[in-house]
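Novice: To start, I am sharing the structure in question, which I have written as structure tokens.
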Amino acid sequence: MKLFSLLCLLVGGSAFAQKLADPPKWRQWELGSSDTVPADKALNTFKIAPGFELQLFAAEPMVVDPVAMAWDGYGRAWVVEMRGYMPDVKGTNETKLKTGKVVVLEDTNNDGKADKKTDFLDELIMPRAIAMVDGGVLVSEPPSLWYCQDTNGDLKCDKKTKVGNYARQGPVEHTDNGLVPCLDNWMYNAKSSKRFMFRDGSLITGNSRSRGQWGICQDDYGRLYTTSNSRYMNSDWDMYHGAAGAFSNPSVGTADINSIRPNPGINRGYKPEMLRKDGRLARITAISGPGVYRSNRYPEGYAGAAFIPEPAANAVTCHWFDETEKGLGRGTHKLYSDKDFEKREFLCSTDERFRPVSIYNGPDGCIYVVDMYRGILQHKAYVTSFYLKPYILERKLEVPVGMGRIYRIVNKSKGRNKTQPRLQKASMDDLVKTLSHPNGWWRDTAQRLLVERRDKKSIPTLKEVVNSADNHLAKVHALWTLEGMDALDLTTVSEGLEDEHEKVQMTALVVSGRLRATPEQDKAIAALEPLKKSKFSQVAKLSDQMIKRLNGQIIAKSGGPPKIRKMPKGEHGESVIRGVEVYNTLCITCHLADGKGAENLAPPLANSDWVSGSQERLIRIALHGVQGPITVNGNRYRHPEIMPGMGAALKDRQIADVLSYVRTAWGGKSRVEEQDVKRVRGAHKDRVLPWNVKELLELK
């Protein structure tokens, strides 16, 4: 019976496939030529929203298979080239081809076109993200994250150091991507539950909510925006994603798409609901890296608008958002009249090989569109053998490969800002002034450079910005810059809390978390209390959350305490039982019941090499505390900068008990004896300051 059913399934499936492919569905439409269009003629294939103009910034051979980009402090474009992607319809040797590159593009005469290319780094396998950091760049090449440096000024990498792990090689659209520097001084990724910070040549790894699929960006207030292939956009509905609360709500309530050519070349093109009667894509299926407009070179309504590429439709869409007292409102899908199709998206092409995959804000105040420009879009894991594969072969879309374009969207009335950035070597005063710049890229870059320099002379100036700047965005950046420099104090935070702009208040609320476990903690809680009655619901809600954090109440959900498989007998077991009570009183707030640690509060104890390592070291930490950053199991944690010691609050037996519990539950180690705690306390009875990591690592 089973064999008969299987035969019926095989025969039925074969017949279904034959019905779909013979005659092929796509032949009912006039698809036009599938040949490549030379870069100098490609602009003729586009329609763009009224008042805008599309300009070519770079094209092959200057750029090949681009997927991501970033600008340095001089305004040079650093582009990631995923040259190994789908060399043919089978994706042959895709993860073995060491053809990927990072290239630097320069516009030396400031005419708006790249005229100089330098190969910074080559021999990469499927690289996917890049970020500018102190002394070099971070480049992701799963499973590695590389810190790459140019030590002699020739724009070529001559020092490449692995600083962390970054995903694994897999289906491109389902593998971590991003490295987007954000307001809170962390770099965030899509399709990932990790975030990164780079300090003093080392990578700090933190936990984050997993978001999106391909592409991630932020708006002026640090809200993260992500997409998935069949959903235009998710966003952090509340202002700050690090402070808990609602997030990842759908900001765009439609899946419609309006292209200007038939788009049958998708993996599910055989399904009737995917294509319109005229062959155009009916609903989104390949949404990619978004960009939120953060400058003043476009008409007013476009401020904060999201531009989202749909490469399967050969189009870029645009969505406007409302601000309400509750936060980010629903998006409006902006459509534009078209004489042939009634309505169309913001940017559309009749060229089947136009494949926009990422959107960025440029230093000149314009949106940049990264176009892989290739026939095959779908990754091999999802090329339907009975539909998309024969379509690709019939249309001869396998070749050529090795092309690519980067476009700039310019508003005709305002043009682009032709001022060339010189922020990399700018003075401290100039960088602080740049925090008021109307272009978000300039503000972000100035903040990054100030945090990297950590010049104490800039601290009074930054505090003055918080106190008296006219520009509320400058205040937001100044608070986050001080946070990144570990230079916040209660006075500055209080000035932010009392500001008239709710976004400054919210920034101050979030950064107030850095005052936890400091002598100013109680005063900080008192300063936050009045905002619980704010007329702005987001402010009131966030104030309540941050007070709970400062109080030590648990916000993050914990998976519950570990189950000790074999409870020790005798005095060891009794010590563990007593230790649970101590842990639940003092430790659970930051390290959580399951020992996995709370975001922005503490690293994990579960499976920690510090827990299973030196007993002497652990006792010192419990007695006197430790000041970070600290590396746990290869991941570097920044928060908290200082873990307070418990020596003054707990007796020797209590410390021995809680450490016995911790080491038994998460380290598989033996009991900590009371006499050992007493010995360590006596040996360091004059110790006042917490131990630093370097001192503790000297212990074996």
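The values are calculated or read from the model by the stated rules, or taken from the named source; none is laboratory data. Since this is a predicted model, take the numbers as computed values, not measurements. With ideal geometry, Cβ positions are generated from the backbone for all residues, glycine too; neighbour counts draw on all protein chains shown.
Residue by residue, here is whether (1) surrounded by fewer than 21 Cβ atoms within 10 Å (Cβ to Cβ); (2) in a loop (DSSP other than H, G, I, E, B); (3) small (G, A, S); (4) modelled with pLDDT of 80 or more holds:
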site	(1), (2), (3), (4)
A508	no, no, yes, yes
E529	yes, no, no, yes
K532	yes, no, no, yes
A540	yes, no, yes, yes
G559	yes, yes, yes, no
T585	yes, no, no, no
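Novice: Among (1) of a type in the set (S, T, N, Q); (2) at pLDDT below 90; (3) outside any strand (DSSP E or B), there is one condition T151 misses while meeting the rest; what is its number?
Specialist: (2) is the only condition that T151 fails.
Novice: Sticking with this one: Tell me which residues, restricted to segment 108-132, are part of a loop (DSSP other than H, G, I, E, B) and touching a residue at least 40 places away in the same chain (Cβ under 8 Å).
Specialist: If we filter segment 108-132 for residues that are part of a loop (DSSP other than H, G, I, E, B), which is where we start, we get 108-115, 125-128.
Scanning segment 108-132 gives N110, G112, K113, A114, I125, M126, P127, R128.
Novice: If you don't mind, there's one more thing I want to ask. Anything in segment 689-700 that is surrounded by fewer than 12 Cβ atoms within 10 Å (Cβ to Cβ) and either assigned to a helix (DSSP H, G or I) or free of Cβ contacts under 8 Å to residues at least 24 places away in the same chain (or both)? List them, or say none.
Specialist: The first filter runs over segment 689-700 and keeps only residues surrounded by fewer than 12 Cβ atoms within 10 Å (Cβ to Cβ), leaving 689, 694, 698, 700.
If the condition is that a residue be surrounded by fewer than 12 Cβ atoms within 10 Å (Cβ to Cβ) and either assigned to a helix (DSSP H, G or I) or free of Cβ contacts under 8 Å to residues at least 24 places away in the same chain (or both), then K694, E698 are the ones that fit.
Novice: With respect to the numbered conditions (1) in a loop (DSSP other than H, G, I, E, B); (2) at pLDDT below 95, which one is the sole condition not fulfilled by R330?
Specialist: In the conditions (1) in a loop (DSSP other than H, G, I, E, B); (2) at pLDDT below 95, R330 misses (1) alone.
Novice: How many of the residues in segment 389-413 are among the acidic types (D, E) and either more than 30 Å from Y270 (Cα to Cα) or part of a loop (DSSP other than H, G, I, E, B) (or both)? Steps first, please.
Specialist: Going through segment 389-413, the residues among the acidic types (D, E) turn out to be 394, 398.
Checking the rest, the ones that are also either more than 30 Å from Y270 (Cα to Cα) or part of a loop (DSSP other than H, G, I, E, B) (or both) come to 398.
Number satisfying all stated conditions: 1.
Novice: Looking only at segment 154-169, filter to residues that are among the charged types (D, E, K, R) and in a loop (DSSP other than H, G, I, E, B); which one of those is nearest to V632 (Cα to Cα)?
Specialist: First, pick out the residues of segment 154-169 that are among the charged types (D, E, K, R): 154, 156, 158-160, 162, 168.
In the following step, the residues that additionally are in a loop (DSSP other than H, G, I, E, B) were identified as 154, 156, 158, 168.
Numbers: D154: 36, K156: 33, D158: 29, R168: 21 Å.
Restricting to residues being among the charged types (D, E, K, R) and in a loop (DSSP other than H, G, I, E, B), the top hit is R168.
Novice: Ok, one more. Using the structure shown, decide if S228 is among the hydroxyl-bearing types (S, T, Y), farther than 24 Å from F341 by Cα, in contact with a His (Cβ under 9 Å, 6 or more places away or on another chain) and at pLDDT below 95. If you could, list the steps in order and put the result at the bottom.
Specialist: Working: among the hydroxyl-bearing types (S, T, Y): yes; farther than 24 Å from F341 by Cα: yes; in contact with a His (Cβ under 9 Å, 6 or more places away or on another chain): no; at pLDDT below 95: yes.
Here the answer is no, as S228 does not meet what is asked.
Quick grid of which residues meet (1) surrounded by 19 or more Cβ atoms within 10 Å (Cβ to Cβ); (2) under 30 Å from Y188 (Cα atoms):
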| residue | (1), (2) |
| --- | --- |
| W610 | yes, yes |
| Q627 | no, yes |
| Y637 | yes, yes |
| Q654 | yes, no |
| L659 | yes, no |
| A665 | yes, no |
| A683 | no, no |
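Novice: Same structure, new question: Just checking: which of the helices (runs of 4 or more DSSP H) contained wholly in segment 414-486 hold 1 or more residues that are more than 16 Å from G222 (Cβ to Cβ) and without any contact (Cβ under 8 Å) to a residue 24 or more places away in the chain? Talk me through it step by step, then tell me what you get.
Specialist: Details: elements: 428-434, 440-453, 458-468, 472-484.
The helices (runs of 4 or more DSSP H) meeting that bar are 428-434, 458-468.
Novice: Between E498, E502, which is charged (D, E, K, R), modelled with pLDDT of 95 or more and more than 30 Å from A77 (Cα to Cα)? So that I can check it myself, show each step before the final result.
Specialist: Numbers: E502 fails: modelled with pLDDT of 95 or more.
Only one candidate qualifies: E498.
Novice: Still on this structure, please answer the following. Has segment 374-384 got any residue that is assigned by TED's automatic domain parsing to the domain that holds I216, assigned to a strand (DSSP E or B) and under 22 Å from Y407 (Cβ atoms)?
Specialist: Checked against the condition, which is being assigned by TED's automatic domain parsing to the domain that holds I216, assigned to a strand (DSSP E or B) and under 22 Å from Y407 (Cβ atoms), segment 374-384 yields no hits at all.
Novice: If the requirement is being of a type in the set (K, R) and either within 30 Å of L450 (Cβ to Cβ) or in contact (Cβ under 8 Å) with a residue 40 or more places away in the chain (or both), which of these qualifies: K101, K90?
Specialist: Values: K101 fails: either within 30 Å of L450 (Cβ to Cβ) or in contact (Cβ under 8 Å) with a residue 40 or more places away in the chain (or both).
Going through K101, K90 in turn, the sole match is K90.
Novice: Taking only pairs six or more apart or across chains, which ones have beta-carbon atoms under 8 Å, a first residue in segment 298-313 that is touching a residue at least 60 places away in the same chain (Cβ under 8 Å), and a second residue that is of a type in the set (D, E, K, R) and part of a loop (DSSP other than H, G, I, E, B)?
Specialist: Final answer for the pair search is Y298/K414; G304/D219; G304/D220; G304/R294; P311/R355.
Novice: Starting from segment 247-271, take each residue that is under 17 Å from I376 (Cβ atoms) and list its partners that are modelled with pLDDT of 95 or more and of a type in the set (K, R), counting only C-beta distances under 6 angstrom and pairs at least six apart or across chains.
Specialist: Between residues of segment 247-271 that are under 17 Å from I376 (Cβ atoms) and residues that are modelled with pLDDT of 95 or more and of a type in the set (K, R), the close pairs are N263/R280.
Novice: I'd like to know if segment 639-647 contains one or more residues that are more than 29 Å from P568 (Cα to Cα), surrounded by fewer than 17 Cβ atoms within 10 Å (Cβ to Cβ) and without any contact (Cβ under 8 Å) to a residue 12 or more places away in the chain.
Specialist: no
Novice: Also, I was wondering about something else. Within segment 475-486, is there a residue that is surrounded by fewer than 18 Cβ atoms within 10 Å (Cβ to Cβ), closer than 25 Å to A526 by Cα and not basic (K, R)? Spell out how you get there, then give the answer.
Specialist: Within segment 475-486, the subset surrounded by fewer than 18 Cβ atoms within 10 Å (Cβ to Cβ) is 486.
Filter once more, keeping what is closer than 25 Å to A526 by Cα: 486.
Filter again for not basic (K, R), leaving 486.
Among the residues of segment 475-486, at least one is surrounded by fewer than 18 Cβ atoms within 10 Å (Cβ to Cβ), closer than 25 Å to A526 by Cα and not basic (K, R), which makes the answer yes.
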